[in-house]
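Here is the structure we will look at, set down as structure tokens.
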Amino acid sequence: MTAPAAPLPGGPSRKALTADGAAGWGDRAFGLVALLAGLLVLLVLALIAIATTNEAWPAFREEGLSFVTSDDWVPAEGRFGALAFIYGTLLVSAIAVLFAVPVSLGIALFANEAASNRLRRPVVYVLDLLAAIPSVVYGLWGILVLAPALRPVFDSVGDAVDGVPVLDTLFGTGSSGRSFLTAGLILAVMITPIITSLSREVIATVPNSQREAAYGMGATRWEMIRAAVLPWSRGGIVGAVMLGLGRAMGETIAVALVVGSSAQITLDLFAPGDTMAAVIANEFGEASGTYRSALIGLGVVLFVVTILVNVAARGIVTRMDRRARGA
Amino acid sequence: METRTDAASLDAASLLRTTTARGRRVRDRLASIWMIGSLLVAVVPLALVVGYVLVKGIRVIDVGWFTERISVRSREPGGGMAPAIYGTLVITGIAALMAIPLGILGAVYLHEYGRRGRLARLIRFMADVMTGVPSIVMGLFVYTAWTLRFGLSAFGGALALACLMLPIVIRSSEEMLRLVPDELRHASYALGNSKWRTIVTVVLPSASGGIVSGSMLAVARAAGETAPLLFTIGAARIVNPDVFSGPTTALSVQIFGNAQNPFPAAQDRAWGAALTLVAIVFLFTLAARFVSARISRRHRA
């Protein structure tokens, strides 16, 4: 082409013909409003970090690094070492992930690889309902039904393993039924839907040619899953598990009701403990001054940890997503 | 077991059965048992929780439950849950009014304007990250940024819930906008419509089913939240008509308080409130599915 074509006489101007019609103030105003709405996400995240850190500053200044390295939590005497709550958060979420992963993976593989279309719908339905039940309702059931039911179980298991080296440490005496393990079990139920649905999305991206190749070589269904489905989706499943972990660490109300509220670091899974989120929920009401700012400081630590876990997990999931779309 | 030899009925499954070594078959069977077992393991807690809530909750619910104020006596039965039901609906409603329009606009920016640009990718990623921010942190945020200055109010609770809903609405709406074929946009441009008119009159209406159902799921999630409300709405036993000032209450907060109470009458109240809350949440969830099914059917027709 040597010269741009002249506009047709009487025809629309070139400006009106641009593909995204970027003309007129109405478009610019609408685009700006939409942009502002999008920027709101970044603004809120920044404000969360600033407002909470600002309010937690007195406690951070007073405690320094020992806020996260000391387990000496005596609010009445102004000592705020939060290590026991950090430990509790990690332990309880680890228990939850340990129980939730095999179940979630089993359901995801069942729904995507084994179930017929007719069976798949009720499976999705069950997961939807599990995800829809509010945290506080799980907590109510946990404190009034599950914990009392677990008490005799804890007692007899604790007696049975009395004196056995490792087991004696892990399963000591459970007095109330509210414990690290109880909280972990409830959390496992609560994070199963999210791990399952994300794993299913990843598994759905496995190309059928991979499955057919495995079957073609005479693989059983399980061998096909191990040879084709799992290797392809490993990264994405790891991402899904990490998102479940992030969810478990931030889960508050159910844990606050069943964990037993005791700031201690112990390997005894039957012992009562506490987590960062739970202690905030349980003690914020009666706290003031540095105590209150220390609890907000726990929120800051929780925010930073969950953001890090989520960024890492989303990074993995996004990469898998891009690969699936490119393939 | 009867063995069939005629070739036509010898399907792949039975071929495998007769030609695969026993150990491999056993492992395949064990894997199937694991998968089905996992599903059963997930159904048990669902059935138990829903069952307990139904059986224990239904006993305290009568007409007064929906009309009377909350009793101050935790040792004796009586009173209702009207202020908490009102609080839950009002707080969730205000949160929805804030989060849904902003969330849809944010999604419009991501898919219609930002597309694959740097800023849009950042916002999309951070919206995903924001869905993982613990709800208790949202509660602390609104406490420090709003409640410390303006006091306890239903609006404060709504702010916290809106922060939780915003990223969910953005991401689910963007997925729906992505499903709108570009041909529709081009057809609208060809008719002389500007970009914003195209979005408002063509793109959003054709994605409306999915957007509505995604938003309703976000509302259902928010209605059940407790942690963001603990420090922002306070505790009241009567209906507070002023949403901008003064303490109010909500079903989730009532459950949390009464669950820790040693007296059976208070625990019964917690079960009743749990049944009411679960009913509200399930209704929204079901309505979301219904709306999306209905609208997508109309569009296909």
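Here, each number is a calculation from the coordinates, and none is a lab measurement. All values derive from a computational prediction rather than experimental measurement. Cβ atoms come from the backbone with ideal geometry, glycine included; neighbour counts cover every protein chain shown.
Taking the longest Cα principal axis of chain A as reference, the axis of helix A:83-109 is set at about 60 degrees.
Summary of packing: across the peptides B:58-71, A:301-314, the per-residue average of other C-beta atoms within 10 Å ranks them, highest first, as A:301-314, B:58-71.
Summing Cβ point charges (Lys, Arg +1; Asp, Glu -1) relative to the Cα centre of the protein assembly as shown gives a dipole of roughly 2460 debye.
From the helices alone, meaning DSSP H stretches of at least four residues, give me the mean residue ellipticity at 222 nm for chain A, per-run term -39500 (n - 2.57), in deg cm²/dmol to the nearest 500. Calculated from helices alone, the mean residue ellipticity at 222 nm is -23000 deg cm²/dmol.
Using just its DSSP H runs of length 4 or more, each adding -39500 (n - 2.57), chain B gives a mean residue ellipticity at 222 nm of -22500 deg cm²/dmol after division by all residues.
Rounded if a/c is under 1.5, else prolate if a/b beats b/c, else oblate: with a ≥ b ≥ c from the C-alpha gyration tensor eigenvalues square-rooted, which is chain A? Oblate is the answer for chain A, as a/c is 1.5 or above yet b/c matches or exceeds a/b. Scoring A:198-209, A:87-98 by mean Cβ neighbours within 10 Å over their residues and listing the highest first yields A:87-98, A:198-209.
Solvent-free Debye calculation, one equal scatterer per alpha-carbon of chain B: log10 I(q)/I(0) at 0.06, 0.15, 0.16 Å⁻¹ equals -0.32, -1.14, -1.22. Within chain B, the selection of entire DSSP H helices by a Cα span of 20 Å or greater along the long axis and an average Kyte-Doolittle value of at least -0.5 returns B:22-58, B:82-108, B:154-178, B:204-223, B:264-300. Between residue B:80 and B:68, B:69, B:70, B:71, the built amide H atoms are under 5 Å apart, and every one of these is 5 or more places off in sequence or on another chain. The C-alpha atoms of chain A define a longest principal axis, and helix A:230-250 lies at about 60 degrees to it.
Other chains' Cβ within 10 Å of A:63-69 residues: what's the mean? Working shown, then result.
Details: counts 0, 0, 0, 0, 0, 0, 0.
Per-residue shielding by partner chains comes out at 0.
Summing charges over neighbours of residue A:72, with a neighbour being any other residue whose Cβ is under 15 Å away from its Cβ, gives -4 when K and R count +1 and D and E count -1.
Seen through its C-alpha gyration tensor, with square-root eigenvalues sorted a ≥ b ≥ c, the protein assembly as shown comes out oblate because a/c lies at 1.5 or above while a/b is not bigger than b/c.
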